[in-house]
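Report on the structure given below.
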Amino acid sequence: MAEGFRAAERALLVELDFGDGELGDRLAELKALATSAGAEVAGVVTARRSRPDAALFAGRGKVAEIAALRAATAANVVIFDHAVSGAQQRNLERELDCRVIDRTSLILDIFAQRAQSAEGKLQVELAQLQHLSTRLVRGWTHLERQKGGIGLRGPGETQLESDRRLIGSRVKLLRERIAQVSRRRDTQRRARRRGAICNVALVGYTNAGKSTLFNRLTGAEGYAADQLFATLDTTLRRVVIPGAASIVVSDTVGFIRELPHDLIAAFQATLKEAVDADLLLHVADASHPARENQIEAVDAVLREIGADAVPRILVLNKIDAAGFDPSVERDEYGKIRAVRLSALTGAGVPELRAALAERFPRAEARVATG
């Protein structure tokens, strides 16, 4: 499983610039991820490289610098804001004499902490095991430490084969259970369509304010917090809007830059709410300096899960922090393209409700059932 963070864990963060820019925004996000996972940030190392080093990812000189800073700050874990291979991770741990966590493992750890429902826990465990299977030699060394005494094997290929069988069996079981959940969700979606109920899914970058907007629209009291991945489990609620057809709104898991593919695959049953929606409300943080990059990251995930063709309205949230006024933007055909609002204060939310009524008028529901 993904390695969790113990109490008082001190983390040294490593952010390398490979020419893709926005180093400051990426570093700020890495700090937020580490804090969300429960780590205390002890220090930061940044560097520019043309490409990753094959053996140590950051290069021998930079790794020596990281090792010195780790010792000086008493950090006991080093977190790389990148996908590090199993071999690179093993090499880094030998050089740094501490645990090394990459971006994928960090996000998986946060998901493991946040998952509350049985479905969410199944999906997180599947993603963890799929990631672990790519670095099996390192990932299950705890099995070797537990062995000892007469008649027990030493580490080697036989143990690896045993570990692979254990992971493979568990992955198969998890997939079967998630498939059952997916079939149940499909049945529920078909029932909503037969009832001429319009499905609206909230999507967006993590911490963009989706859950706060969901609560504001539906009157629900779901958990909403100023932290990354505060909500993992999809919640559905009916929203009543005068003049509108029956609408069910779903609050989905937040996306993030370079969201691990294992997570996307494991959360297919949950993300299908977005794929099968009649409309996506793409919630973006209007006050965030990297807003456009976050919007593109969400669009990339929507393309990956096959939801890029679903009609959408861009919801620019947090206008109270951005200093904007509530407004509605239309395209050249007169269709609503974007709504500026504050889910926290409620400013602009009536305009969003009006936009939903315009998109799904009650008359359309009568035609659909006729």
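Some values worked out for this structure:
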read-out	value
Count of residues meeting criterion [modelled with pLDDT under 80, under 18 Å from A208 (Cβ atoms) and polar (S, T, N, Q)] in region 243-275	1
All positions within region 296-308 that are closer than 13 Å to L281 by Cα and either surrounded by fewer than 20 Cβ atoms within 10 Å (Cβ to Cβ) or in contact with an Asp or Glu (Cβ under 9 Å, 6 or more places away or on another chain) (or both)	D299, L302, A307, D308
Any pair with Cβ under 7 angstrom, 6 or more apart, that starts in region 310-334 at a residue that is closer than 17 Å to A347 by Cβ and exposed (fewer than 10 other Cβ atoms within 10 Å of the Cβ) and ends at one that is at pLDDT below 95 and not polar (S, T, N, Q)	none
Some residue of region 178-195 being under 17 Å from A343 (Cα atoms), in a helix (DSSP H, G or I) and at pLDDT 80 or above	no
Wholly enclosed helices (runs of 4 or more DSSP H) of region 1-117 bearing at least 1 residues farther than 29 Å from T270 by Cβ	23-36, 60-73, 86-96
Residues located in region 168-187, provided they are surrounded by 13 or more Cβ atoms within 10 Å (Cβ to Cβ) and among the small types (G, A, S)	S182
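The values are calculated or read from the model by the stated rules, or taken from the named source; none is laboratory data. Please read all numbers here as calculations on a predicted model, not as lab measurements. Cβ sites come from the backbone with ideal geometry, for glycine too, and all protein chains shown count toward neighbours.
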